[in-house]
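For reference, the structure discussed in these notes is given below.
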């Protein structure tokens, strides 16, 4: 198994690590059984994601996929961010090894959950 | 950056004199040992000498040595060989849940094909198999028991001699025709443990050269005289028809050289003594040195909060440390160690590609929160105290960094 340069880069220097204490939306995915857990925090202003942070427990691919997802989502409108797909994340990372593809599924799910959480709170 | 290799249970770096021996043999003794001409006879002599020395090392007869391509082939040959030679309609095979996949998957496959019945013994939570459990599993149609000597992941020492004696006792009652045979995968044992086949009371024993500074692609299966097994590779009838194929002369010579060097290390140069049925080799300086370094590493890493050792702390190979860090994932730890120039391995799901953590850790009851954060560090003859100090110094920062990124609280 070999990781792409992008994966290694995002694993070594993950972007947007941390939490947002007064987050407008939080998304949580994964479980301990599979070994990967992700948390995404978003700050929303004028329907745009103005700040985003993540916390991930998992392998290098899980950390890189979380980091890439936050990069892709930052500054986007909620509707556009909601459309970020597993393949967007996977392709931006220069493709994950096949057995690590689920990490891109997880991180695409995490941002959707955070947006759902924000929208539920707004109602 | 000076790199540190702590993955000696995966493979070892071949000794320089092993490499030189192989180069020499490859160019000078190139002929087919089965040829009648003098070139062939010269090559035959190399193979025969190696066979005699392996017999010395394993305290058996030269005719009981079958050279193979390594551990997996030897395991397959022993298990399938016994099953296929058995007169029992559906033979029963006993093994453990913590075997190497070369044993485990061979048995699982035979079972799925409906050719055998199988029992997988669960070890105690310290990773050691109980002799009584092995005995209790024996049935009327049991043909083979296959239990590893040293576990490759957690380094636990299994009671091979005791199981061997138990089986002999059972066989006395069953009679020659209905014998239960005993195989041990001793791949991880060669360097630090007693390898006499008479001492161990085994019918089959697997070793492979690359685990003790020899070349890859060569190993052997000890097959006790009179044990009925069916060959798995058919052809020119080499290895007393147990294993066809032109002998890997250079590889065999390389393994020969590696065992000579190993015995010198193992018994402080006292070759005859290394062969004797000593209950423990821990009296010798190299084993003591390795154990001391491993213990230092273990103590140093346990200073990190929420860490624990997997497998028995005492009944364990002196070169093995398997440690778990809660709330840090094994593969991520490995990759950060690798960036720091330190090579290790992991039993986390993420390194296997199966999404399931190590079957060994699961069998001994390690929960997911611990097994995902497991790493294995295995020392070798070239490991130095400075290297161990470097690992102890490097690890806390890595674990801390990963824990800061984790959504779970410590």
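The values are calculated or read from the model by the stated rules, or taken from the named source; none is laboratory data. All of these numbers come straight from a predicted model, not from anything done at the bench. Reconstructed Cβ throughout: ideal geometry from the backbone, glycine too, with neighbour counts over all protein chains shown.
Filter the range B:22-36 down to the residues that are outside any helix (DSSP H, G or I) and surrounded by 12 or more Cβ atoms within 10 Å (Cβ to Cβ) and list them by number.
Scanning the range B:22-36 gives B:29, B:30, B:31, B:32, B:33, B:34, B:35.
Conditions (1) more than 25 Å from residue A:31 (Cα to Cα); (2) in contact (Cβ under 8 Å) with a residue 24 or more places away in the chain, marked per residue:
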residue	(1), (2)
B:301	yes, yes
B:309	no, no
B:312	yes, yes
B:315	yes, yes
B:328	no, yes
B:334	no, yes
B:341	yes, yes
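Could you list, in sequence order, the residues of the range B:136-175 that are part of a helix (DSSP H, G or I) and either more than 25 Å from residue B:207 (Cα to Cα) or assigned by TED's automatic domain parsing to the domain that holds residue B:377 (or both)?
Hits for the range B:136-175 are B:136, B:137, B:169, B:170, B:171, B:172, B:173, B:174.
So in the range A:58-69, with the set limited to residues that are under 21 Å from residue B:374 (Cβ atoms) and out of contact with any strand residue (DSSP E or B) (no Cβ under 6 Å at 6 or more places or on another chain), which one is farthest from the other protein chains (Cβ to nearest Cβ)?
The extreme case among them is A:61.
Take residue A:1 and decide whether it is within 13 Å of another protein chain (Cβ to nearest Cβ), over 14 Å from the mean Cα position of the chain (by Cα), surrounded by fewer than 24 Cβ atoms within 10 Å (Cβ to Cβ) and outside any helix (DSSP H, G or I).
Yes: the conditions hold for residue A:1.
Here are the criteria: (1) touching a residue at least 60 places away in the same chain (Cβ under 8 Å); (2) within 21 Å of the chain's Cα centre (by Cα); (3) not in a helix (DSSP H, G or I). Tell me which single one residue B:202 does not satisfy.
(1) is the only condition that residue B:202 fails.
Look at residue B:190 and say whether it is touching a strand residue (DSSP E or B) at 6+ places or on another chain (Cβ under 8 Å), closer than 30 Å to residue B:24 by Cβ and without any contact (Cβ under 8 Å) to a residue 40 or more places away in the chain.
No; evaluated as a whole, the condition is false for this residue.
Kindly evaluate residue A:25 against the criterion of being closer than 20 Å to residue A:120 by Cα, surrounded by 16 or more Cβ atoms within 10 Å (Cβ to Cβ), more than 10 Å from the chain's Cα centre (by Cα) and in contact (Cβ under 8 Å) with a residue 40 or more places away in the chain.
yes
Suppose we keep only residues that are in contact (Cβ under 8 Å) with a residue 24 or more places away in the chain and within 14 Å of another protein chain (Cβ to nearest Cβ) within the range A:70-99. Which one would you say is farthest from residue A:13 (Cα to Cα)?
A:99
If you scan the range A:37-57, which residues turn out to be part of a strand (DSSP E or B), in contact (Cβ under 8 Å) with a residue 24 or more places away in the chain and more than 8 Å from chain B (Cβ to nearest Cβ)?
Within the range A:37-57, A:40, A:41, A:42, A:44, A:48, A:49, A:50, A:51, A:52, A:53, A:54 qualify.
Is at least one residue of the range B:25-43 at pLDDT 95 or above and closer than 22 Å to residue B:266 by Cβ?
There is no residue in the range B:25-43 that is at pLDDT 95 or above and closer than 22 Å to residue B:266 by Cβ.
Check off (1) in contact (Cβ under 8 Å) with a residue 60 or more places away in the chain; (2) part of a helix (DSSP H, G or I); (3) more than 22 Å from the chain's Cα centre (by Cα); (4) surrounded by 14 or more Cβ atoms within 10 Å (Cβ to Cβ) for residue B:39 and give me the number that stays unchecked.
Single failed check for residue B:39: (1).
For the range B:158-173, which positions are closer than 24 Å to residue B:87 by Cβ and surrounded by 15 or more Cβ atoms within 10 Å (Cβ to Cβ)?
B:163, B:164, B:166, B:167, B:170, B:171
Which of the residues spanning the range B:356-408 are within 14 Å of chain A (Cβ to nearest Cβ), in contact (Cβ under 8 Å) with a residue 60 or more places away in the chain and farther than 30 Å from residue B:108 by Cα?
Passing the criteria: B:398, B:399, B:401, B:402, B:403, B:406, B:408.
Only one of these is in contact with a strand residue (DSSP E or B) (Cβ under 8 Å, 6 or more places away or on another chain) and modelled with pLDDT under 95: B:77, B:58, B:6. Name it.
B:58
Select from the range B:76-102 the residues that are surrounded by 15 or more Cβ atoms within 10 Å (Cβ to Cβ) and assigned to a loop (DSSP other than H, G, I, E, B) and list them in ascending order.
Once the filter is applied, which keeps residues that are surrounded by 15 or more Cβ atoms within 10 Å (Cβ to Cβ) and assigned to a loop (DSSP other than H, G, I, E, B), the range B:76-102 yields B:86, B:91, B:97, B:98, B:99, B:100.
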